[in-house]
Amino acid sequence: MIVVAANPYSGAADNRRRVDALARELATLAGPPRVLWDPRERATALADSATMARCRVVVAAGGDGTVAQVINELPSGTPLAVFPAGTENLFAATHGFVDDPVSLVRAVASGRTRAIDLGRASVAGRHRLFALMLSAGVDAEVVRRLALWRGARTALRRVRRASYVAPIVASLATYRHPPVRVVAGDVAASGAYCIIANASAYALDLPLSPDARADDGALDWLVFERPGLVALAAFSWAVWRGRHRARGDVRTGRATRLTLHASTPVPVQVDGDPFGTTPVDVDVMPGALTLVTP
C-alpha cells in the first residue's frame, strides 16, 4: 500500500487534479493509493501501526509545510517521497524531487532510499523536527504573521508568494530586532537574527548556508550581529551576492547541539511554520529520515 498525504491549499495550481494524476500513476505499482486530504485523518493513519506495517512509502503531496508535518508524524524507517505542489518547494528541490508523477513512480519502484539527518527543536517541553532550517528573528516574525492571516478564516487560505507581502511590510515596520544569543558548545555569539540550517535551501533560492548538508551529522549556524533595517538591507544584499559569510559582523559555525535564548522572547520558525519563542534547544538527529532517492 502507498499512502499519499495531500494538501489541497498549497501552491497556486489545482492540487486535487494533480494528485489525481499522481494517484493514477501510483496505482500501477501497488493498486490505488490511499489519498489523505484531511490533516487529522492523515495523523491518525500515520500513527496506526497496522496501517504503517502495510505501507510501502508515504508520498507528501504539497509544499514545504506539508512535508514538515508529515516528517513529524512519520514512523521511523517508513520511506518518504515528495510530490512538489507548493509555493517554494525547497525540500523537493534540495533532494531532487520534481513535479512529474511518472518520475516519482519510477523512483518509488526502484526501491532506492537514503538516510538524511533531521534537526530537532525543543521549546517549553514541545518538540518539532525540521529538515531545512530553524531561525529566530525577523523572518520568524513574518512566518508568525502569515500563519495568523492564513488561519483567520474557518478554512485555510491558499498561500502564494504575494501572500507574504503584507506580513513582510508589517514585520519590517514593527519588529524591534531584539538580540538573540546562540551557544554552540564552547562558542557563543549574539545578534539580531540567527539561522540554523540542515540544508542549503532558503526562500527565494538565497544562498544563506551554501555548505549545509543533510547527511553530515551536524547543523550549520549563522548569526547576523547588527540590528535595524539598514543592517538588514546590507545583510540581504550580501546574501544575494553570496558574500555574507566574509563580513565581520556575521558569525558562522557548525554544531550538533545549540541553545538560543534572549532577554526578550524572540519568535522562532521551523521549516516555515511558527514554533513559539526563545529559549529553544536544538540538536541534530543523524540519519533520522528514510528518503526515497529520485
- Note on the structure: In the stretch 91-132, anything within 15 Å of the chain's Cα centre (by Cα) and basic (Lys, Arg) is listed as Arg120, Arg128
- Based on what the data block shows, is Val292 in the same structural domain as Ile196 (by TED's automatic domain parsing) and either buried (at least 22 other Cβ atoms within 10 Å of the Cβ) or at pLDDT below 95 (or both)? no
- Query: Which one of the conditions (1) more than 26 Å from Arg161 (Cβ to Cβ); (2) without any contact (Cβ under 8 Å) to a residue 60 or more places away in the chain does Thr113 fail to meet, given that it meets all the rest?
  - Reply: (2)
- Note on the structure: From the option list Arg34, Arg54, single residue qualifying as charged (D, E, K, R) and either in contact with a strand residue (DSSP E or B) (Cβ under 8 Å, 6 or more places away or on another chain) or buried (at least 21 other Cβ atoms within 10 Å of the Cβ) (or both) is Arg34
- Message: Residue pairs, Cβ under 8 Å, 6 or more apart or interchain, first in the stretch 31-54 and assigned by TED's automatic domain parsing to the domain that holds Gln69, second β-branched (Val, Ile, Thr) and exposed (fewer than 12 other Cβ atoms within 10 Å of the Cβ). List them.
- Response: none
- Can you list the strands (runs of 3 or more DSSP E) found entirely within the stretch 229-294 that contain at least 3 residues being under 30 Å from Ser76 (Cβ atoms) and hydrophobic (A, V, I, L, M, F, W, C)? 280-292
- Task: Output the residues belonging to the stretch 238-261 that are at pLDDT 95 or above, surrounded by fewer than 17 Cβ atoms within 10 Å (Cβ to Cβ) and out of contact with any strand residue (DSSP E or B) (no Cβ under 6 Å at 6 or more places or on another chain).
- Result: Arg243, Ala246, Arg247, Gly248, Asp249
- Task: Could you check Ile116 against (1) in contact with a strand residue (DSSP E or B) (Cβ under 8 Å, 6 or more places away or on another chain); (2) modelled with pLDDT under 95 and say which number it fails?
- Result: (2)
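Yes/no per residue for (1) touching a Phe, Trp or Tyr at 6+ places or on another chain (Cβ under 9 Å); (2) surrounded by 16 or more Cβ atoms within 10 Å (Cβ to Cβ); (3) over 28 Å from Ser76 (Cα atoms):
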site	(1), (2), (3)
Arg114	no, no, no
Leu118	yes, yes, no
Val123	yes, yes, no
Arg128	yes, yes, no
Ser135	yes, yes, no
Leu148	no, no, yes
Val165	no, no, yes
Ala192	yes, yes, yes
Tyr202	no, yes, no
- Subset of the stretch 2-21 (residues that are at pLDDT 95 or above and farther than 18 Å from Gly65 by Cα): Ile2
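The values are calculated or read from the model by the stated rules, or taken from the named source; none is laboratory data. Just so it is clear, the structure is predicted and the values come from calculations on it, not from any experiment. A quick note on method: Cβ atoms are made from the backbone with ideal geometry, for glycine too, and the neighbour counts reach across all protein chains shown.
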